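The values are calculated or read from the model by the stated rules, or taken from the named source; none is laboratory data. No experiment lies behind these values; they were computed from the predicted model shown. Positions of Cβ are backbone-derived with ideal geometry, glycine not excepted, and every protein chain shown enters the neighbour counts. Ligands, DNA and RNA are excluded from the accessible area calculation, which covers all protein heavy atoms including side chains. Shrake-Rupley method; radii C 1.70, N 1.55, O 1.52, S 1.80 Å.
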Amino acid sequence: MVRNRQVALVGSTLLAIGVALAAANLRPAVTSLASVLGDVRTSLGVSTAWTSVLTAVPTLCFGFAAFLAPWLGRRLGMARAVALSLVVLTAGLVLRVVDGPAVVLGGTFVACAGVAVCNVLIPVVVKDSFPGKVGLITGVYTAALAAGAALGAAFTPALESAFGSWRLAVGAWAFLSAAALVVWLAGARHGEVVRSAPVRTGARRSLVHSPLAWVITVFFGLQSLLAYTVMGWLPQILGDAGVDRTTAGLLLAITMVLGVPVSLIVPPLAARRKSQSGLVLGLGVLSVAGVLGLALAPALAPALWVVLIGVGMGMFPLALVMISLRTSSTADTARLSAMAQSIGYLISASGPFAFGVLRGATGDWTLSMLVLVVLLLLLTGLGWVAGRPRTV
């Protein structure tokens with residue numbers, strides 16, 4: 001008996017823990033910097049345009065780097081490919097705090113390249129290694145992802161106060177990614193095959209001619225646009241409405257924390273249903289209500305608007321589980337995951353940048369928020385179509 005890198009990883013408890021810890025590292029690279037963005041900007045002496053570019057870098061990187069993820073998975077095997085992505089993430093988190101504006105941008109791009117590979121490959125690991133528990137493990141994965149995002153938003157300002165430096169506070173998250181790498185290396189083991197047995201592979205085919213694949217891709221892109229716009233700009237929006245920095249950071253953390261229970265509920269619920277269209281509609285209504293409230297009366301009930309948006313961002317775990325539910329093989333899951341996340345993140349990259357540019361041009365956030373509402377309505381319509389029971 002030998003181990004083969006093209007065979008699924010053994011679906012052990014330790015692997016599930018490794019998946020959760022890897023997921024917990026996929027958002028602090030974004031939320032930690034966003035929560036102290038004002039101090040970063042002041043320290044570096046950069047413009048609003050530079051800040052807008054920085055908020056767009058993660059999604060641009062997720063889009064471009066995601067194209068490489070399936071190739072890395074085939075070339076190295078899932079265990080090594082995910083391990084490599086965690087190494088790259090850790091290196092980027094350290095690099096971006098050692099120098100000026102260009103290094104901050106470059107290090108963020110490197111860190112997010114590691115995140116991008118995990119974004120694509122972890123859903124494949126979930127479907128391949130836990131075929132009978134796709135909804136449950138997807139829920140654990142996305143809950144850990146949301147928890148990591150919340151920790152990055154909530155604790156980075158406190159770390160900055162304790163260390164007296166935003167660089168040390170932001171760079172400290174490299175320790176979490178290094179810990180995830182250690183656990184992943186311990187738990188990720190490919191299964192055994194008899195030497196004479198053929199390795200299971202999927203027939204090569206492209207999904208670019210599948211209308212459903214494109215619906216899911218644009219759906220994924222628009223929900224990512226919402227998520228990264230919120231993560232990048234919510235503290236600034238609340239600050240402009242008169243909310244103090246600490247409270248704004250905590251409200252961003254609440255938005256992320258809400259993703260934990262939502263992620264534990266939505267994917268298993270979606271996996272038990274033939275159609276996920278009703279879930280999309282419910283989450284869409286909550287998102288629209290929250291964004292409208294933030295646009296028209298941000299200071300009236302900021303906590304309520306944040307809660308509505310946070311629950312509505314359950315579109316993300318729903319989009320991930322639909323990638324598995326709308327495919328009939330792990331090979332198609334890998335292809336659809338790569339297509340949806342590469343093209344989808346490139347679509348979403350325009351959101352944080354355009355959001356900031358509109359704010360600069362109009363002097364307030366109203367127009368930016370109303371454009372976001374229109375995109376949310378489109379997102380809900382596409383999700384309704386993507387939720388119908390069929391495969392690509």
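Listed values, structure above:
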| quantity | calculated |
| --- | --- |
| Whole-number accessible area per residue in Å² for the chain, which is evaluated in the context of all protein chains at 1.4 Å | 38 |
| Along principal axes, Cα extents of the range 41-164, largest first, whole Å | 51, 29, 23 |
| For the range 256-333, the spread of Cα positions along each principal axis, largest first, Å | 48, 21, 20 |
| Ordering of 66-74, 246-254, 160-168, 184-192 by packing [mean C-beta count within 10 Å, highest first] | 246-254, 66-74, 184-192, 160-168 |
| Fraction of accessible area attributable to carbon and sulfur, the chain (%, probe 1.4 Å) | 70 |
| Space enclosed by the convex hull of the alpha-carbon atoms of the chain, per residue, Å³ | 118 |
| Accessible area in the full protein assembly, largest first, 1.4 Å probe, for Arg41, Arg326, Arg75 | Arg75, Arg41, Arg326 |
| Karplus 3J(HN,Hα) series, Hz, for the range 15-24 with 6.51 cos²θ - 1.76 cosθ + 1.60 (x for Gly, Pro) | 5, 4, 5, x, 4, 5, 5, 4, 4, 5 |
